[in-house]
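The values are calculated or read from the model by the stated rules, or taken from the named source; none is laboratory data. If you're wondering where the values come from, they're calculated on a predicted model, not measured in any experiment. Cβ atoms come from the backbone with ideal geometry, glycine included; neighbour counts cover every protein chain shown.
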Amino acid sequence: MAEMHIQAKLVNLLKQDKIQLWNPPYTTENNQAGQQPLQQLAVNYAPIVCFSVSEVASALESIRSQAVKRGMGNKTYRETFVATLELLLPKDGKKDVKKKNYLETKLDVLAQDIMARIAEQYGLKYIKLILNGKTLTPEKRLDEQDVKNNSKIMVLRVSEPERKKQMAEEEEKKKTQDQSVQRTQKGFQILSERDGTDDPATTPFLEIADQKGNPLKIPHREKKALILAMGFHEKGRALMKRKQYDAALCHLLQADDQFGTCGSVLLSTVDNYAVLQLDIVWCYRALEALSCLDDGKQRLQRAEDCFLKCYGEQQQRLMQIKGNTGREEVLFLRLYLLQSLLAYLDGNEHQATQKLMRVEDLYGRLCLDPGKMTGLMGLGFSEQEARLGLRACHGNVDEAALHITHRRQEREEMKQQEREKRMRRMEGLATLRALGYSKRDAARALHQADGDMDRAYGILLESTQAESAAVTNHNTELPIDQSKVEQLLYLGFEPEAAEAALRLTGGDVQGATQLLLDNQGVLPPELLSPSPPSSLSEEPSTSSESAGSGSQGEDPMDVDLVNEVLEDIPRHEEDYLDLTLEEESEVIAQMKSYLHRNCTPSS
């Protein structure tokens, strides 16, 4: 890390003094180092950067040789289109930790061809390639995935898959990491399809809640994407706790992709996206992949912006929701610590020191008295509850005990309310199905009516009447009042969707508006041509419906998948705030050792 810091400082000085190390007298005609000029430059710069002359000389030679290599690589690329890629290898796969590793290749080749070359050259059997936080797809070409000359490619090691005798040769090549990602995605897809109308005693159901645990109303499409994003995030966090940072990063980057499909308004309501950015950069740190400097800085900036939107400039919004801000301070501690680290690696010693001072202030406030922890745990509270409670109450044991008890009661009340809500929805669903409606139509109507059975029945009746009218008129389109269409257009809906909604609701503007809002302005095919709800026979279930039913006929493999992913969902909604600060303490000590070294360079 010190090497990156000193090189960053020297690069700034060289730019300032307009010195080009790849030109004479610092580089000879045969691309060798000009020893005397480089040594004199080291003597001049050593007092400025506060490192010894020998350290500065070594760093200058490293900068010079990299510049020469890059220049030669650029020339090669211009003449032959052979690009030079810098490989960021796993730390235990590096023969020389200080030496940079390069690979020359055309960019019109498949990523899997490059993976095979890297695996053979460095003895890494199963790997993934990451560029700017995105996993390269093996079956696609490099240039199709924005790989360019001089790109930095991160190489992640993945573990060997479990072999099965009957497994086909193609399946044998799959990596455990890929299988884990696929299983995580399938499990959370099943959970995202469940609509809360199943038996709460036997069927797990996911609800998205705010910082206090109150369920949020989210459009169905965004809810599915958000559940997948949160699922990958929780799996990644579980792997981080086990120090499996390679595997964790794979899942976290999948979560990042899923969050990208959610609306920006939604992401400003929940802080999960900001925490994810922190976790990704924390994995970079653990994997010693801080050469991903630009990507790391951008992610930390996104995290800080998101925290401001979620919590308020002075955390006033968080105070209104939770009544305190003590627990969230661990997130800012990690944010400032990573910002300090990246500033140091970028050669900005002043900013690194300023950020570290904020970190140490937070660390002093967030470190807990072991006696107080023991006292609360003696009252029957868990270690996690004790830690979160003390931080929320700034170390006051009595207030913490009351706070924990109150939060337990609040959580139990919310769970009870949700159970009762689901039971009412189940009863309403059973009643509507007894009246002859399919489960799909009944569930959709209950969702639109927010669980009110009478309103849902009215919705279904209106739908039936609209269908009957359409059949009576031999499926001819009834004339639509253009003034009503214009009202919907004024609200921002498309003409075709507006007319379809008015036909479905018999010309009711308010009903058409609600129908369009419920479907994000685009009516799905099943609404445009619904099946008659009068038949008592149930339609054949699709795989997603079967998975979401929670019935005895549910696929056993789906049950296993759901149980597997649920294991990684923490029982406490504030688990992500429960940091012991042990790792943070180590990084703080490391940063202090770099920043507090004496500025007494010697030759």
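A few comments on the model shown:
- Applying the criterion of being among the basic types (Lys, Arg) and closer than 29 Å to residue 516 by Cβ to the residues of region 205-245, the residue that is modelled with the highest pLDDT is 224.
- Candidates in region 369-384 are the residues that are outside any helix (DSSP H, G or I) and not small (Gly, Ala, Ser); of these, the one that is surrounded by the fewest Cβ atoms within 10 Å (Cβ to Cβ) is 369.
- Among the conditions (1) over 26 Å from residue 340 (Cα atoms); (2) in a strand (DSSP E or B), residue 43 misses just one, which is (2).
- In region 44-91, residue nearest to residue 22 (Cα to Cα) [restricted to those that are touching a strand residue (DSSP E or B) at 6+ places or on another chain (Cβ under 8 Å) and of a type in the set (D, E, K, R)]: 64
- Condition met for residue 432 (surrounded by 21 or more Cβ atoms within 10 Å (Cβ to Cβ) and at pLDDT below 85): yes
- Here 352, 430 are screened, and the one residue that is within 27 Å of residue 1 (Cβ to Cβ) and out of contact with any strand residue (DSSP E or B) (no Cβ under 9 Å at 6 or more places or on another chain) is 352.
- From the options 311, 344, residue that is at pLDDT below 90 and touching a helix residue (DSSP H, G or I) at 6+ places or on another chain (Cβ under 6 Å): 311
- Meets criteria (of a type outside the set (A, V, I, L, M, F, W, C), more than 18 Å from residue 572 (Cα to Cα), touching a Ser or Thr at 6+ places or on another chain (Cβ under 9 Å) and buried (at least 19 other Cβ atoms within 10 Å of the Cβ)) for residue 440: no
Residues are listed down the side, and each one gets a yes or a no for (1) crowded, with 18+ Cβ neighbours inside 10 Å; (2) at pLDDT 90 or above; (3) under 35 Å from the mean Cα position of the chain (by Cα); (4) not in a helix (DSSP H, G or I):
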{"site": "69", "(1), (2), (3), (4)": "no, no, no, no"}
{"site": "79", "(1), (2), (3), (4)": "no, no, no, no"}
{"site": "84", "(1), (2), (3), (4)": "yes, yes, yes, yes"}
{"site": "98", "(1), (2), (3), (4)": "no, no, yes, yes"}
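Okay, residues lined up against (1) crowded, with 18+ Cβ neighbours inside 10 Å; (2) modelled with pLDDT under 80:
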site	(1), (2)
445	yes, no
463	yes, yes
472	no, yes
491	no, yes
500	yes, no
516	yes, yes
521	no, yes
526	no, yes
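- Pair list, Cβ under 7 Å, 6 or more apart: region 105-130 residue under 22 Å from residue 79 (Cβ atoms), other residue of a type in the set (Lys, Arg) and not in a helix (DSSP H, G or I): 108/141; 109/141
- Residue 26 falls short of the stated requirement of being modelled with pLDDT under 90, touching a helix residue (DSSP H, G or I) at 6+ places or on another chain (Cβ under 8 Å), surrounded by 13 or more Cβ atoms within 10 Å (Cβ to Cβ) and closer than 30 Å to residue 282 by Cα.
- When residue 394 is tested against (1) at pLDDT 85 or above; (2) part of a helix (DSSP H, G or I), just one condition goes unmet, and that condition is (2).
- Contact map, region 53-64: first residue on the phi < 0 side of the Ramachandran plot and not assigned by TED's automatic domain parsing to the domain that holds residue 42, second residue surrounded by 19 or more Cβ atoms within 10 Å (Cβ to Cβ) and among the charged types (D, E, K, R), Cβ cut-off under 7 Å, separation 6 or more or different chains; the map is empty.
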